[in-house]
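Below: the structure, in structure tokens.
The values are calculated or read from the model by the stated rules, or taken from the named source; none is laboratory data. Everything quoted here is computed from the prediction, not taken from an experiment. As a convention, Cβ positions derive from the backbone with ideal geometry for all residues, glycine included, and neighbour counts pool all protein chains shown. When the accessible area is computed, the model is the full protein with side chains, heavy atoms only, and any ligands, DNA or RNA have been set aside. Shrake-Rupley method; radii C 1.70, N 1.55, O 1.52, S 1.80 Å.
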Amino acid sequence: MEVKIEPSWKLVLQNEFEKEYFVKLTEFVRNEYKTKLTFPPANLIFNAFEQCPFDNAKVVIIGQDPYHGDGQAHGLCFSVNDGVVFPPSLVNIFKEIERDLEKSKPISGNLIRWAKQGVLLLNATLTVQAHVAGSHQGRGWETFTDAAINKLATEKENLVFMLWGSYAQKKGAFIDEKKHLVLKSVHPSPLSAYRGFIGNNHFSMANNYLKIVGKTEIDW
């Protein structure tokens, strides 16, 4: 099956595109975009891969679903387009960066600047029906994104995986912690942020590790 995805990812994920689950998933997603308002815009479904090629990836942040509000989702987990009000989880991410690294809060919630430096901002599910949270879960996206994480974890070394919340931690449970730095904490959502996300030091820890393994640090 022909899938428009960044070339280095196309190479490592080629086998997935031929599998029955992916063919069914593609049919489902195409139909959703034809019949319902669906996010992100269709040309940005694979934006996380587009902005952070396989060979460039240094840090992996795993989200769950795209934002389902108008104009928010653009294919990068936790990220919103320029000019969009910061969602609560993103507010807490910036609070922790401010606390951890003494960096002032940015003007824009568009995290493409991270992706360009090698941060893969990957949601487990890559599409969602407008205003219906979790509406595209269990349709095959999770299998596809598991395959992407597995390729990173097995074929690369010295990556940083940020697993925030129990969902991300289950998804990354197989990652070899001798080969990569795996950082775990509660989710940055307002429900849990003050029970261990604020104060987790993940951003400084990630940069310290990258420095030790001879990679360029991320300008968070």
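Worth a mention:
- Search result, residues across segment 20-35 that are open to solvent by 70 Å² or more (accessible area, probe 1.4 Å) and in contact (Cβ under 8 Å) with a residue 24 or more places away in the chain: Lys24
- The set of residues in segment 116-142 being more than 18 Å from Asp55 (Cα to Cα) and touching an Asp or Glu at 6+ places or on another chain (Cβ under 8 Å) consists of Asn123, Ala124, Thr125, Thr127, Val128, Gln129, Ala130, Ala133, Gly134, His136, Gln137.
- If the condition is being surrounded by fewer than 22 Cβ atoms within 10 Å (Cβ to Cβ) and in contact with a Phe, Trp or Tyr (Cβ under 8 Å, 6 or more places away or on another chain), then segment 71-88 contributes Gln72, Val80, Phe86, Pro87.
- A single member of Val12, Val59, Val3 is buried (at least 20 other Cβ atoms within 10 Å of the Cβ) and of a type outside the set (S, T, N, Q), and it is Val59.
- Inside segment 138-147, residues that are closer than 27 Å to Ala193 by Cα and surrounded by 14 or more Cβ atoms within 10 Å (Cβ to Cβ) make up a count of 4.
- From the list Asn81, Asn15, Asn47, Asn43, the one residue that fits, being among the polar types (S, T, N, Q) and within 26 Å of Leu191 (Cβ to Cβ), is Asn81.
- Scanning segment 38-85 for residues that are among the charged types (D, E, K, R) and under 20 Å from Thr143 (Cβ atoms) returns a single hit, Asp65.
- Single residue of segment 153-168 satisfying the filter (in contact with a Ser or Thr (Cβ under 9 Å, 6 or more places away or on another chain) and of a type outside the set (Gly, Ala, Ser)) that is nearest to Phe86 (Cα to Cα): Trp164
- Total residues in segment 154-212, condition open to solvent by 20 Å² or more (accessible area, probe 1.4 Å), free of Cβ contacts under 8 Å to residues at least 60 places away in the same chain and under 21 Å from Pro88 (Cβ atoms): 8
- Evaluation of Val23 against the conditions (1) part of a helix (DSSP H, G or I); (2) in contact with a Pro (Cβ under 6 Å, 6 or more places away or on another chain) shows that the sole unmet condition is (2).
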